[in-house]
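Enquirer: A single structure is presented below for examination.
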Amino acid sequence: MPSTNFDSDRARLTLEILASEKGSLSRAVLWARAVEAYPLNDMELQVHKSGTSRGETSWAWTTAEFVKAGWLIKGGTSGWTITDQGREALTREPDSESLRSEARDRYTAWTKTRDAQKRAALANGILPQDEYQEEILRAARLFVERGLSDGESVFSPNRAIWTSEVSRELVRLFVESDGQEGEGFLGKVAVQLRVASDEARLLMAELVTLQLLPAWTGTIGERAKRERVTFMLALMDHPVQIPPEIDQAFSSGSFNLGTRMASNLGAAMKIVVSFVAAWTEFDAEHRENLLSDPWAMRDFIRTIPGERFPSQRHALLYLLHPDVFMSVVSDPHKSAMRQAFIGEIGGEATDDIDRDLLAITLALQQKTGGPVRYYEEPLYSEWSPKTVSADDPADDMPQDMNVETDDAVVSSSGLGSPFRRVTAEFANSLFMDEEWPQMALDLLERRRQLILHGPPGTGKTFLARRLAEHIADGAGTTLVQFHPSYSYEDFVEGYRPVVLDGSLSYELKEGPFRRIAREAAKNPDRNYVLVIDEINRGNLPKIFGELYFLLEYRDARISLLYGSDNDFELPRNVFIIGTMNTTDRSVAVLDSAMRRRFSFVEMHPDVEPTASVLPRWLAAHQLPSEAADLLKALNSQIPDRAARIGPSYLMPSDADLSVSRLEEIWRHELVPLLEEYHYGDAVDLEAEYGLIALRRRLSSES
């Protein structure tokens, strides 16, 4: 195998693939195509403790440099996307090494200026609380630059729709309409825009997006945001696509919409539409003044016609001037915060609560050296009201509190989406009847943790992955494999070495469990599945640590080992499917605490549905039944039930079970398994388990 290292070539190819696509692609797809073009060498094929090859890890780090250079967006469930700067870099740099060299130069410059910029930012403006708010504000900036500044479509640049003509059309059809027809907000809008131009429909879709951007996903989840905008775009005669930068931001949230906005979206949207209609009547100088002067913008937004709706008006201010206006839209909460922390600016409040809170936040930022999170401890308990008024127009409650909406009470630890029923098509793809996979799904939906156990080759991992894809609709699935060296630090979180400004340092990095819990908390209306392959090969008490408790008590909160979260909750929309090989370790020797927290489903070659999988697979591929008869005869010769062999060994992906292939499988895959089982027993394997002996036995029985 060649020893050439293709790190730079794979990274460049990643950008080239994304440049050729209209949308985003998943990490898995990009890595597969990169390896197909540039196969791994011997060194790169070596696997880390995490189960990832050295080559893939190196590729991930190299592409991370592209992220810091501003060329690539890594969006988790929404996939990876190239930026305009990335496209320019591909054109500018002729080869892979020069491209990577420029990325490294940009990355180095970024690390050198990052700390200095952060110190300056602490005193100059309100900082985003986390990376999710940063995503929202990057998306909001597109509305400022394309819509408010240039008058162009945010979704379809160079198309003039943020104009007085188009906005007046929306005012006439939507704001001035009585909205009597149609069911719900979307149904009414669909009726109101029946005779609208495509430009007006597109503008309405973009304004709905602007309103949804900052909404915390505990009240309206990522999928619901996307579906609402997609519905609006579908009203067009010629729909356009949601830009990836905005689609990615749907998985984030800055504040709770509150009961008022959630139950009266129409009135809130009338303010947004009227805002744009008034904006388009201003000359360029006036617009520039409003975009540069946040207090002038506040005065303007307060004069927009419509209901008072302070939450919607403040939401607009936050999106347009986030460095001045907090991501808090509840007036009672803002008052409580000012009262609790007024001492930070001398103890004297003014008659302008927004200016007071800006000064307080900047003072706290400089004191703590980072963003101010009013809805987290230790600050939350200092100001939080004991009760929240039912009349509060925007209950900016922290993420551990429920929020009433039109349809239901939604919690940050949401239940996820109900599992789809098993169809005949899905069951047939597993070569089973519908009853067994439906039973497994019902059990998992009720208990949330499930282990498939049985001998090798019974399809445990295959089934775990297929069930996970069914539950999570093809997204939100993570697979890890346990082994003796796997640890809590690999699984949950731990310190990892990083190089900052030329010096070795350590940062607390999330593991797969922490990442999937974080994504699930952001999107409580979606299902997330963690598949743990060969779960019994790891030291389970060591790997799970304090998380054992949360597997049983999903509504409880605990402190994590490394102190990154003193109030961690495992969302109820996280489901865990484990697989274990009973030839490695018996279920009986598992930690009793683990056995109590998981449901166990056996998959054994002698028991349905596994017993019928191979005959069905053979029939589906129009192959003779001999392989199934041979496997049954083979297992009848194995005295230890746990050592019997599953059907997957005789189900090759190319469906080749010719005489030579069958002999190859028997000699190089099945007999070695039994050789290990009979080690030291002096058993004649060919006489007991060889193809000739089994065929002779079958012939004598027929």
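The values are calculated or read from the model by the stated rules, or taken from the named source; none is laboratory data. Here the structure is a predicted model, which is why all the values come from computation and not from measurement. Cβ coordinates were reconstructed from backbone atoms using ideal geometry, including for glycine residues, and neighbour counts include every protein chain displayed. These accessible areas exclude ligands, DNA and RNA; they are computed on the full protein's heavy atoms, side chains included. Shrake-Rupley method; radii C 1.70, N 1.55, O 1.52, S 1.80 Å.
Enquirer: Considering the range 252-267 alone, what residues qualify as being open to solvent by less than 10 Å² (accessible area, probe 1.4 Å) and modelled with pLDDT of 80 or more?
Expert: If the condition is that a residue be open to solvent by less than 10 Å² (accessible area, probe 1.4 Å) and modelled with pLDDT of 80 or more, then no residue fits.
Enquirer: What single numbered condition from (1) part of a helix (DSSP H, G or I); (2) surrounded by fewer than 22 Cβ atoms within 10 Å (Cβ to Cβ) fails to hold for residue 463?
Expert: Unmet condition: (2).
Enquirer: Scan the range 152-168 and tell me whether some residue there is under 17 Å from residue 232 (Cα atoms), in a helix (DSSP H, G or I) and touching a residue at least 12 places away in the same chain (Cβ under 8 Å).
Expert: yes
Enquirer: Additional query: Given the conditions (1) in contact with a Phe, Trp or Tyr (Cβ under 6 Å, 6 or more places away or on another chain); (2) open to solvent by 60 Å² or more (accessible area, probe 1.4 Å), and given that residue 609 satisfies all but one, which numbered condition is not satisfied?
Expert: Single failed check for residue 609: (2).
Enquirer: Does the range 408-420 include one or more residues that are surrounded by fewer than 15 Cβ atoms within 10 Å (Cβ to Cβ), of a type outside the set (Asp, Glu) and at pLDDT 50 or above?
Expert: yes
Enquirer: Might you let me know whether the range 179-197 holds any residue that is assigned to a loop (DSSP other than H, G, I, E, B), at pLDDT below 90 and open to solvent by less than 30 Å² (accessible area, probe 1.4 Å)?
Expert: yes
Enquirer: If you check residue 516 against the conditions, is it open to solvent by less than 10 Å² (accessible area, probe 1.4 Å), of a type in the set (Val, Ile, Thr) and in contact with a Ser or Thr (Cβ under 8 Å, 6 or more places away or on another chain)?
Expert: The answer is yes for residue 516.
Enquirer: Also, I was wondering about something else. Please find, within the range 108-151, the residue that is modelled with the lowest pLDDT out of those that are assigned to a loop (DSSP other than H, G, I, E, B) and over 26 Å from residue 345 (Cα atoms).
Expert: 150
Enquirer: Could you identify the single residue in 681, 656 that is assigned to a loop (DSSP other than H, G, I, E, B) and within 39 Å of the chain's Cα centre (by Cα)?
Expert: 656
Enquirer: Within the range 17-48, can you find the residues that are part of a helix (DSSP H, G or I) and surrounded by 17 or more Cβ atoms within 10 Å (Cβ to Cβ)?
Expert: Scanning the range 17-48 gives 17, 18, 27, 30, 31, 34, 35, 44.
Enquirer: Continuing with this model, one more query. Looking only at the range 66-101, count every residue that is part of a helix (DSSP H, G or I) and either open to solvent by less than 30 Å² (accessible area, probe 1.4 Å) or under 21 Å from residue 37 (Cα atoms) (or both) and tell me the total.
Expert: Going through the range 66-101 one residue at a time, the tally reaches 12.
Enquirer: Of the residues 667, 595, 616, which single one is in contact with a helix residue (DSSP H, G or I) (Cβ under 9 Å, 6 or more places away or on another chain), closer than 30 Å to residue 552 by Cα, not in a loop (DSSP other than H, G, I, E, B) and not hydrophobic (A, V, I, L, M, F, W, C)?
Expert: 595
Enquirer: Is it the case that residue 249 is more than 25 Å from residue 330 (Cα to Cα), among the small types (Gly, Ala, Ser) and either at pLDDT 80 or above or surrounded by fewer than 22 Cβ atoms within 10 Å (Cβ to Cβ) (or both)?
Expert: It is false that residue 249 is more than 25 Å from residue 330 (Cα to Cα), among the small types (Gly, Ala, Ser) and either at pLDDT 80 or above or surrounded by fewer than 22 Cβ atoms within 10 Å (Cβ to Cβ) (or both).
Enquirer: Considering the range 221-230 alone, what residues qualify as being within 15 Å of the chain's Cα centre (by Cα) and open to solvent by 10 Å² or more (accessible area, probe 1.4 Å)?
Expert: 223, 224, 226
Enquirer: Let me ask something additional. So, in the range 673-702, exactly how many residues are exposed (fewer than 15 other Cβ atoms within 10 Å of the Cβ), acidic (Asp, Glu) and in contact with a Leu (Cβ under 9 Å, 6 or more places away or on another chain)?
Expert: 1
Enquirer: Do any residues in the range 243-257 that are closer than 17 Å to residue 326 by Cβ and free of Cβ contacts under 8 Å to residues at least 40 places away in the same chain have Cβ atoms under 6 Å from those of residues that are among the hydroxyl-bearing types (Ser, Thr, Tyr) and open to solvent by less than 10 Å² (accessible area, probe 1.4 Å), where the two are at least six apart or on different chains, and which pairs are they?
Expert: none
Enquirer: Find all pairs meeting these conditions: Cβ atoms under 7 angstrom apart; at least six residues apart or on different chains; first residue within the range 3-15 and among the acidic types (Asp, Glu); second residue outside any helix (DSSP H, G or I) and modelled with pLDDT of 85 or more.
Expert: 9/38
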